[in-house]
Amino acid sequence: MALMIRNGEIVTVGSRVQADVYVENETITRIGRNLEAPPNAEIIDATGKLVFPGFIDPHVHIYLPFMATFAKDTHETGSIAALIGGTTTYIEMCCPNRNDDALEGYQLWKSKADGKSACDYAFHMSVTKFVKETESQLRQIVADGTASFKIFLAYKNFFGVDDGEMYQTLELAKRLGVIVTAHCENAELVARLQQKLLAEGKIGPEWHEPSRPESVEAEGTGRFATFLENLGTTGYVVHLSCEKALHAALDAKSRGVKIFVESVLPHFLLDKSYAERPGVEGMKHVMSPPLRAKHNQAVLWNGLALGSIDTVGTDHCPFDTEQKLLGKDSFVSIPNGIPGIEDRVNLLYTHGVKRGRLDLDRFVDAASTRAAKLFGLFPRKGTIAVGSDADLVVYDPSFRGVVSAKSQHVNNDYNGFEGMEIEGRPSVVTVRGKVQVRDGKFIGERGRGKMLKREPTHF
């Protein structure tokens, strides 16, 4: 069925224009003023509203066996929450651990999403070891359309790789034209600091941050950058949380290293005092890298405004209160992660655009377009142009609401941003031309989402 969005202000990177958007066969076919539509077309009046390209979350966990439990969402619940929040595409971390077969893990992650997601999706393939069959398996995975890898410089003996394995992964990625995303810490140093703190009787959630301090993240970021520099590979730092790590990344970039930076929503809005709350309230806010000292927030906002932080993701990883209590006797056992897939766009708009920290251009770039370009999805995704997929968000800047676990659609019993006010919300959200959300309610087709096959572009 044809779709016409009339009279909205279309906002893309470098352009703001009052116009209509006409959609047929899942793609945008015409953009202009006073367009004519056939009698059977669905008409959406966007007067007084902004029309954005569908937003892209470059970093989510939906299926994740981790720390003696499983993340709470399914692709059905996670995708509906994403869409209600304006995210029409997400890239999930496929994370088999060191004891798993990589190719079997990849097929398992695909099976969890197939036919279940209401929005489109892709994967980053985690490389958690490098053994004799790894290269041939990764070549098969790239040929299947997954053109980005993930490495962990953390979680020793589970997800973490050593420097030799990092070298092999980056060297292969360079040959294949694949971008490598990295969780930048120091697995050995974190493990030793954890042991030291526990031996001193420091077991509460407030000791999570001191066990993986800013200097450790900065070291990991610098080490990753040094390997990129010497191999010529393109890299992407995930969930960068602090000024020291940003300086390490930007120092490398100034030397010509091909390194890009993502920060995630919690680090812009929450600080380490949230994880210092007593008992389970502190546990709810344990993630890695940890929430940091508050002064880092201004640094991250400034970096985002300047474009030195490229993208904003979520690292969406929901564990409920009962799961968080697995760490009641030791912060090392608290499942790391916080939900965010539903709230990213609204909170970024409210605290970025409405507070004068971001212009609309950078907002769209950071939350959609740049991820599409980095990860081989542009111009199919990340823009509003003739020929692009009709993933569209009609955004109502006059809406006022409050973030709450009571009204969220994520499969979790708390919200880390509880009580924060939002100034704006998606009014209509489409996935390839089909209306999936209207006024905060999912009204669309479950299972509509497709796995997005991507070609390597980082040779």
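No value in this document is a laboratory result; all are computed from the given coordinates. Computed from a predicted model, the values in this text were never measured in an experiment. Neighbour counts are summed over all protein chains in view; Cβ atoms, including those assigned to glycine, are modelled from backbone coordinates with ideal geometry.
With each run of n ≥ 4 DSSP H residues scored as -39500 (n - 2.57), what mean residue ellipticity at 222 nm is computed for the chain after dividing by its residue count and rounding to the nearest 500 deg cm²/dmol?
Values: 15 runs with 133 residues, N = 459.
Here the helix-only value at 222 nm equals -8000 deg cm²/dmol.
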Query - Vicinal HN-Hα couplings computed from phi for segment 325-340 (Karplus, 6.51 cos²θ - 1.76 cosθ + 1.60; Hz; Gly/Pro x) - result: 6, 4, x, 5, 9, 6, 4, 5, 9, 6, x, 7, x, 8, x, x
Report task. For Arg292, enumerate residues with amide H under 5 Å from its amide H, sequence gap 5+ or separate chain, H modeled in the peptide plane. Result -> Lys272
Requested in this report: Express as a percent, rounded to the nearest 5, the fraction of DSSP beta bridges in the chain (both residues included) that run antiparallel.
Outcome: 50
Query raised in the report: Measuring from centroid to centroid over Cα atoms, what is the spacing of segment 46-86 and segment 128-204 in Å?
Result: 24
Report summary line: Given unit charges at Cβ for Lys, Arg (+) and Asp, Glu (-), the dipole magnitude of the chain about its Cα centre in debye, nearest 20, is 420
**Report entry** Enclosed volume per residue, in Å³, of the convex hull spanned by Cα atoms of the chain
**Finding:** 123
Report summary line: Taking 0.36 nm per residue of separation between Ser308 and His247 and subtracting their Cα-Cα distance, the length gained on full extension comes to 20.9 nm
Report summary line: Label model pair Lys112, Glu42: point-to-point distance (7 angstrom along the Cα→beta-carbon line) in nm is 3.0
Query - Amide H contacts under 5 Å for Gly8, placed H, 5+ residues apart - result: Ala19, Ala46
Query - Residues Lys450, Lys406, Lys354, Lys72, sorted so that the one with the fewest Cβ neighbours within 10 Å comes first - result: Lys406, Lys354, Lys450, Lys72
Report summary line: 1/(1 + (r/R0)^6) with r = Cβ-Cβ of Arg255 and Glu455, R0 = 45 Å, i.e. FRET efficiency to nearest 0.05, evaluates to 0.95
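With contacts defined as alpha carbon pairs under 8 Å and 6 or more residues apart, what's the relative contact order of segment 384-444 in percent? All intermediate terms of the calculation are to be shown ahead of the outcome.
Values: 104 pairs, mean separation 21.9, N = 61.
Over segment 384-444, the number comes to 36 percent.
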Query raised in the report: At Leu35 and Lys132, where each label point lies 7 Å from the Cα along Cα→Cβ, what is the point-to-point distance in nanometres?
Result: 5.7
Query raised in the report: For His316, which sequence-distant residues (separation of 5 or more, or a different chain) have an amide H within less than 5 Å of its own amide H, given hydrogens modelled in the peptide plane?
Result: His61
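Rounded if a/c is under 1.5, else prolate if a/b beats b/c, else oblate: with a ≥ b ≥ c from the C-alpha gyration tensor eigenvalues square-rooted, which is segment 331-459?
Numbers: a/c = 1.42, a/b = 1.30, b/c = 1.09.
Verdict is rounded for segment 331-459.
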Query raised in the report: Distance in nm between label sites at Ser330 and Met1, each 7 Å beyond Cα in the beta-carbon direction?
Result: 5.6
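Based on the Cβ-Cβ distance from Lys196 to Ser15, what FRET efficiency comes out when R0 is 56 Å, to the nearest 0.05?
On the way: r = 54 Å, r/R0 = 0.96.
The pair Lys196/Ser15 has a calculated efficiency of 0.55.
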Query raised in the report: How high is the relative contact order of the chain, in percent, counting Cα pairs under 8 Å that sit 6 or more residues apart?
Result: 23
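Give the relative contact order (percent, whole number) for segment 16-65; include only Cα pairs under 8 Å separated by 6+ residues. It would help to have the intermediate numbers written out before the result.
Values: 23 pairs, mean separation 10.9, N = 50.
With pairs under 8 Å counted, the relative contact order is 22 percent.
Given axes a ≥ b ≥ c from the Cα gyration tensor, I'd like to know whether segment 273-332 is rounded (a/c under 1.5), prolate (a/b larger than b/c) or oblate.
Details: a/c = 3.61, a/b = 2.08, b/c = 1.74.
Taking the square roots of the gyration eigenvalues as a ≥ b ≥ c, segment 273-332 is prolate.
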Requested in this report: Sort 166-174, 217-225 for me by packing, meaning the mean count of neighbouring Cβ atoms within 10 Å per residue, highest on top.
Outcome: 217-225, 166-174
Query raised in the report: Karplus couplings for segment 125-135 from phi (6.51 cos²θ - 1.76 cosθ + 1.60, θ = phi - 60°), rounded to Hz, Gly and Pro as x?
Result: 8, 6, 10, 10, 6, 9, 10, 4, 8, 4, 4
